[in-house]
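Have a look at the structure below before the remarks.
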Amino acid sequence: MPRHTTRTSTSTLTAAAVGALALTVTLTGCGGTGSAASDGRTVTVYSADGLKGDKGDGWYDKQFKEFEKETGIKVEYVEGGSGEMVQRAVREKSNTQADVMVTLPPFIQQADSQGLLEKYTPKGAENVAEGDKAADGTWTSVVKNYFGFIHNTKELPEGKAEAPKTWDDLLDAKYKDKLQYSTPGVAGDGTALLVKAMHDMGGEKPAMEYLGKLQKNNVGPSSSTSKLAPKLDKGELLVANGDVQMNYAQAKSMPNLGIWFPAKDENAKPTTFALPYAAGLVKGAPNSANGKKLLDFLLSEQAQRDVSSVGGGFSARTDVKATDENATELASLMKGVEIFRPDWEDVEKNLDAYIDAWKSATGS
């Protein structure tokens, strides 16, 4: 089993509550190239990776299949990094292709600020916590999730001295060319790494200084967070970044994955923050009505119960109390981890400056 990890307010999570890819296109239940069609029988989703299974067994796979069965509407699915999806939608503004967008923060806020999202409140959104949805109704979390790291449990056994626990542990020479994290600004999880580093280390300057030191061990840039896990499971990497939902789901078929959360130092608690998959209706969507139906479906009680049992994540609805085996394991995984809340408005506003600082510090 995997192991456990700005305006700052903290609490300890004691009960169960993206990542990025080089652009790929997957069509669910239909052929074609991924372009939207205004035929009334399709809905096009632009999404960050992590919710669709490699073997057709992910949360998206089940929900899209059930949605088509219930409505007759086929889902055309386009997957990429959170930043990639937003930029693609920006380029298509004069000829909108997507109906629904799903990204990790701060990219859903970026999509909103660039006028890509239409106000729509899905059914069930009243049961989503205020911090997990937009105040103006432009987006709502559909799967709650948390940022994390993974390590190879075969080479670095859990509970042993070899297993990493703090940021400083990762500066050890044994991680040279055995550590990799996804690219900030492109990958949602890569950007999240900057957010956590700035929080844990007390600001932008000390975080960038640390990441500059870490660069000597870093394999190099990766536009895909999800593709780091297979490399780690094989022993090509010892440590990588990720998120709880995606890595927990991957660990079912990758036995050497252990989830953990770096602490500031040996005297501090491990920390993390919510990194939800947030969904919004795309402004000018060719199949807007179908997009609304899909958003309603993804927030339905049954779909939200499937979040843990099928997807290995956390329900976005506070009134859905999952009790399945995955939910129990996830609650145990998160026990004792300190949760902070980033100031996403600040992150979105200053994202370019943070990315430039990271590039300067690391020579990327």
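Per-structure values
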{"quantity": "So residue 294, is it buried (at least 19 other Cβ atoms within 10 Å of the Cβ), under 28 Å from residue 364 (Cα atoms) and at pLDDT 95 or above", "calculated": "no"}
{"quantity": "Candidates 253, 315, filtered to the one that is hydroxyl-bearing (Ser, Thr, Tyr), at pLDDT 95 or above and either in the same structural domain as residue 116 (by TED's automatic domain parsing) or surrounded by fewer than 20 Cβ atoms within 10 Å (Cβ to Cβ) (or both)", "calculated": "315"}
{"quantity": "Residues that are of a type in the set (Lys, Arg) and either at pLDDT below 95 or in a strand (DSSP E or B) (or both), drawn from segment 42-74", "calculated": "52, 55, 74"}
{"quantity": "Some residue of segment 278-294 being in the same structural domain as residue 74 (by TED's automatic domain parsing), under 20 Å from residue 341 (Cα atoms) and either of a type in the set (Val, Ile, Thr) or under 21 Å from the mean Cα position of the chain (by Cα) (or both)", "calculated": "yes"}
{"quantity": "Qualifying residue in segment 116-136 (condition: of a type outside the set (D, E, K, R) and either assigned by TED's automatic domain parsing to the domain that holds residue 241 or over 17 Å from residue 277 (Cα atoms) (or both))", "calculated": "no"}
{"quantity": "Residue match in segment 158-171 (condition: part of a loop (DSSP other than H, G, I, E, B), under 18 Å from residue 237 (Cβ atoms) and either within 18 Å of the chain's Cα centre (by Cα) or among the small types (Gly, Ala, Ser) (or both))", "calculated": "yes"}
{"quantity": "Test: residue in segment 293-310 that is under 30 Å from residue 211 (Cα atoms) and in a helix (DSSP H, G or I)", "calculated": "no"}
{"quantity": "Residue within segment 273-295 that is β-branched (Val, Ile, Thr) and farther than 18 Å from residue 47 by Cα present", "calculated": "no"}
{"quantity": "Check on residue 279, assigned to a loop (DSSP other than H, G, I, E, B), buried (at least 20 other Cβ atoms within 10 Å of the Cβ) and modelled with pLDDT of 95 or more", "calculated": "no"}
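The values are calculated or read from the model by the stated rules, or taken from the named source; none is laboratory data. Predicted, not measured: the structure shown is a model, and the values here were computed from it. Note that we place each Cβ from the backbone using ideal geometry, even for glycine, and neighbour counts take in every protein chain shown.
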